[in-house]
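This report concerns only the one structure given below.
The values are calculated or read from the model by the stated rules, or taken from the named source; none is laboratory data. Given the structure is predicted, the values throughout are model-derived calculations rather than measurements. Cβ sites come from the backbone with ideal geometry, for glycine too, and all protein chains shown count toward neighbours.
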Amino acid sequence: MIILNKIISFYYREYKLNLSGFQDILTNIIFFFVSIFIFIFSIGPDKETISNIGISIVWTLLLLSSTLSLRKFYQDDFENGNLLIMHLNGLSFGFIAILKTFSHFIFVQVPFLLSIPIACILLNIADDKLIYLFSSFAIGSFILSCLGSISSSMNLMNQRNFLLGSVIVMIFSVPIIIFSVGIANLEEDFNSLISILFGILLIVFAINPWASGLCLKLSLENN
Amino acid sequence: MIIVKDLSIERSNKKIFENVNLSLGSGKIILLKGKNGSGKTTLLKALLNLIEPSSGAIYWKGKLLKKNLNNFFNNVTYIADRTSSLSKLSVKENIKIWKKIFLSNISNSQVENILKTLKLDIYLDQKVNSLSFGETKKLEFLRLIIENKKVWILDEPLSNLDNESIDVIAQTFEDHRSKEGSIIFSSHQESEINVSEEVLL
Amino acid sequence: MKFLVNPSKFNKVADYVFLPVLILSIILFSIGLIFSFYLSPDDYQQGSTVRIMYVHVPSAWLALLTYAIMTLYSIAGLAFRIPFGFIINTAVAPIGAVFTLICIISGSLWGKPMWGTWWVWDARLTSVAILFIIYLIIIFINLSFENRIVREKVVAIFILVGSVNLPIVKFSVDWWNTLHQPATISKLSKPSIDPSMMTPLIIMTFAFIMMGIAIAILRIKTEIISRKSYLS
């Protein structure tokens, strides 16, 4: 039961931390909406074009704006030593990575999930496609969280080139974009595509604790 | 409890120190002395199993540290030379988070007493980033009491503190020693803390 | 086979092997180029542009082979704690990137007369482009970390994660491509190839491999030396 208490206290801490930095998350969402505006300004107000490529726009911008918050993933906790304290408190590095991934999903990705309907209204996406967009984003955003965990733990010791983390996430998220946009565009294939996406999720989720844990350990050892 | 035998550490093939021997029993306070870059932090990190020694071994309660890691982590508090309190939250919230994380059952009045002796009680509702560096450092020592562990590993606990606070800390160390606890800390400056052994790196 | 994992043994073997490999690659290149320019027939459809294939296909194979080698050495470095694996990773990544670049450039040179455009979003082209970006990321990771131990391990982890991810990316790009446009343009993947074209292709492949080995030997040796000077 001690481990359960530790998990609860971990999330209590994450909750407090994210609550105090709530404007960061809001800024992320504002970035998302401003980019939608920019996109529409550059395409033109033609209704048909916008609703044709609306889902692709939403997904691209969701990906871009969720890479913005990557630095917060481990960097702060690494720099003020909390990562080490958590480890000394009996959580293994892989387990910290899993907990952090869920925390990122809850505190960063879920607000995006809630803002999708508004984006759909802005982009004239048909109501019946909303459910597909929603379910694909629910799975896809968790994959993004896992990839974000991997790439930001890799970049902990990288003092020169923070953008590299976002590039790593973006290059590995090619399949997610393809399948997620595919789901929304081809509803008859819904189940098979969701299963593929779910399969990718399982693979990435399995790699995540190993890769992130190893990177966290490396960075703490050599810091 | 902790025994270090012939420990040598190399990093990127540069020798940091060689053949260090230590024995930290209960009720003992060890001071690590040495110049900047002499490997004090490295030795403390090696004690926490964060750095692989190139030769030698560390034992915890008679067993190799690596084999007995969980038990060791349950008995150790580490305070690094940086402050781990969350700067966006208030002192009160930080204490609450610590109490939850370390599953501590320390009472509120006890915490208040310590805060009073450390002269931090007036800042209870202020954010940590409005405190001065010395004050956040003092706040960090609260963790020692909250965690309530046997072994304290402290990295430069005395830097940036005024004499008054150092006296308080010396008193805390004395209390801990009388409770059969053991402390190992590093420092590059002279202090009035009553230590049982000095190790020069 | 100890020289594959031990730097000093590798140095010894490399000293013997380097000159023969270099000469062999020059000989193979001259034979192969003569074959591919003069002794092989024009394609009935593609005309003379088919000769680009003799550069394009070997470099594509080698780009993949290099990644496979890096994956193996990353496993060796991380799981079996063989530091030579990390040396290979650092040394070989730019070679793979250059092969991928040659593949892309020769491909688009071939595509311009055949398809009328430098670039199409064909599944193969897209996945090779992604491979190229992954090579670039590996090189950038190598450049941007200050701490050598962290850097080489992070590179190895990235290569391993990439080796899991690359097949997924390839598969998804294939699927995406069939979704968006019917397969009309993969003329390169003809099932049967004429023996008169096969000979130059094989010779050129071996020439590329030999050249790759020669450059790799040079780069690995400099890497070993630079590490030794770093140590002292």
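Residues in segment C:141-171 that are over 15 Å from C:PHE86 (Cα atoms), in a helix (DSSP H, G or I) and facing chain A (nearest Cβ under 7 Å): C:SER144, C:VAL161, C:VAL164, C:ASN165, C:ILE168, C:VAL169.
Say whether the condition of being touching a Lys or Arg at 6+ places or on another chain (Cβ under 6 Å) and hydroxyl-bearing (Ser, Thr, Tyr) is met by at least one residue in segment B:115-131. No, there is no match, as no residue in segment B:115-131 is touching a Lys or Arg at 6+ places or on another chain (Cβ under 6 Å) and hydroxyl-bearing (Ser, Thr, Tyr).
Yes/no per residue for (1) within 14 Å of chain B (Cβ to nearest Cβ); (2) crowded, with 17+ Cβ neighbours inside 10 Å; (3) touching a Lys or Arg at 6+ places or on another chain (Cβ under 7 Å):
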{"residue": "A:ILE3", "(1), (2), (3)": "yes, no, no"}
{"residue": "A:GLU14", "(1), (2), (3)": "yes, yes, no"}
{"residue": "A:LEU26", "(1), (2), (3)": "no, no, no"}
{"residue": "A:ILE36", "(1), (2), (3)": "no, yes, no"}
{"residue": "A:LYS47", "(1), (2), (3)": "no, no, no"}
{"residue": "A:LEU63", "(1), (2), (3)": "no, yes, no"}
{"residue": "A:ILE85", "(1), (2), (3)": "yes, yes, no"}
{"residue": "A:LEU88", "(1), (2), (3)": "yes, yes, no"}
{"residue": "A:ILE98", "(1), (2), (3)": "no, yes, no"}
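Within segment B:26-51, being charged (D, E, K, R) and over 13 Å from the mean Cα position of the chain (by Cα) holds for B:LYS28, B:LYS33, B:LYS35. Name the pairs: first residue in segment B:66-90 and over 14 Å from A:ASN89 (Cβ atoms) and more than 7 Å from chain A (Cβ to nearest Cβ), second residue assigned to a loop (DSSP other than H, G, I, E, B) and aliphatic (A, V, I, L, M), Cβ to Cβ under 8 Å, at least 6 apart or on different chains? From segment B:66-90, the pairs are B:SER90/B:LEU124. A:ASN5 satisfies every condition listed in (1) in contact with a Leu (Cβ under 8 Å, 6 or more places away or on another chain); (2) closer than 22 Å to A:ALA97 by Cβ; (3) touching a residue at least 12 places away in the same chain (Cβ under 8 Å) except (3). None of C:LEU78, C:LEU109 is part of a helix (DSSP H, G or I) and within 23 Å of C:ILE215 (Cβ to Cβ) except C:LEU109.
Scanning segment A:180-223 for residues that are part of a helix (DSSP H, G or I), within 19 Å of C:THR178 (Cα to Cα) and within 11 Å of another protein chain (Cβ to nearest Cβ) turns up A:SER180, A:VAL181, A:GLY182, A:ASN185, A:ASP189, A:SER192, A:LEU193, A:ILE196, A:LEU197. For segment B:91-109, the candidate set comprises residues that are in contact (Cβ under 8 Å) with a residue 40 or more places away in the chain and among the hydrophobic types (A, V, I, L, M, F, W, C); within that set, the residue that is farthest from the other protein chains (Cβ to nearest Cβ) is B:ILE106. Restricting the search to segment C:26-73, which residues are in a helix (DSSP H, G or I), surrounded by fewer than 17 Cβ atoms within 10 Å (Cβ to Cβ) and modelled with pLDDT under 85? Result: C:PHE37, C:TYR38, C:LEU39, C:SER48, C:THR49. Within segment C:76-95, residues that are at positive phi reach no partner that is assigned to a loop (DSSP other than H, G, I, E, B) and not β-branched (Val, Ile, Thr) with beta carbons closer than 7 Å at six or more positions or on different chains.
Would you be able to say whether some residue in segment B:110-120 is without any contact (Cβ under 8 Å) to a residue 12 or more places away in the chain and within 22 Å of A:SER9 (Cβ to Cβ)? Yes. Considered as a group, the residues in segment A:139-179 that are of a type outside the set (A, V, I, L, M, F, W, C) and touching a Gly at 6+ places or on another chain (Cβ under 7 Å) include one that is farthest from the other protein chains (Cβ to nearest Cβ), and that residue is A:SER152.
Within the bounds of segment B:16-25, is there any residue that is in a strand (DSSP E or B), of a type outside the set (Asp, Glu), more than 23 Å from B:ARG143 (Cβ to Cβ) and under 19 Å from the mean Cα position of the chain (by Cα)? Spell out the reasoning first.
Of segment B:16-25, the ones in a strand (DSSP E or B) are B:16-24.
Among the residues that remain, those that are also of a type outside the set (Asp, Glu) are: B:16-17, B:19-24.
Narrowing the set further to residues that are more than 23 Å from B:ARG143 (Cβ to Cβ) leaves B:16-17, B:19-23.
Within this subset, residues satisfying the condition of being under 19 Å from the mean Cα position of the chain (by Cα) are B:22-23.
The answer is yes; a qualifying residue exists.
Just so you know, in segment C:152-177 the residues that are free of Cβ contacts under 8 Å to residues at least 12 places away in the same chain and over 15 Å from A:SER151 (Cβ atoms) include one that is surrounded by the fewest Cβ atoms within 10 Å (Cβ to Cβ), and it is C:PRO167.
Inside segment A:189-215, can you point out the residues that are under 17 Å from A:ALA138 (Cβ atoms) and over 19 Å from the mean Cα position of the chain (by Cα)?
Of everything in segment A:189-215, those that are under 17 Å from A:ALA138 (Cβ atoms) and over 19 Å from the mean Cα position of the chain (by Cα) turn out to be A:PHE190, A:ASN191, A:LEU193, A:SER195.
If only residues of segment C:112-140 that are free of Cβ contacts under 8 Å to residues at least 12 places away in the same chain and in a helix (DSSP H, G or I) are counted, the one that is nearest to the chain's Cα centre (by Cα) is C:ILE133. If only one of A:ILE38, A:ILE121, A:ILE131 is farther than 18 Å from A:ASN208 by Cβ, out of contact with any helix residue (DSSP H, G or I) (no Cβ under 8 Å at 6 or more places or on another chain) and at pLDDT 90 or above, which one is it? None of the other options fit; the residue is A:ILE38.
Do we find that A:ILE143 is among the β-branched types (Val, Ile, Thr), assigned to a helix (DSSP H, G or I) and closer than 26 Å to C:PRO167 by Cα in this structure? Answer is yes for this residue. Are any of the residues in segment B:126-139 surrounded by 14 or more Cβ atoms within 10 Å (Cβ to Cβ) and of a type in the set (Phe, Trp, Tyr)? Taking every residue of segment B:126-139 in turn, none turns out to be surrounded by 14 or more Cβ atoms within 10 Å (Cβ to Cβ) and of a type in the set (Phe, Trp, Tyr).
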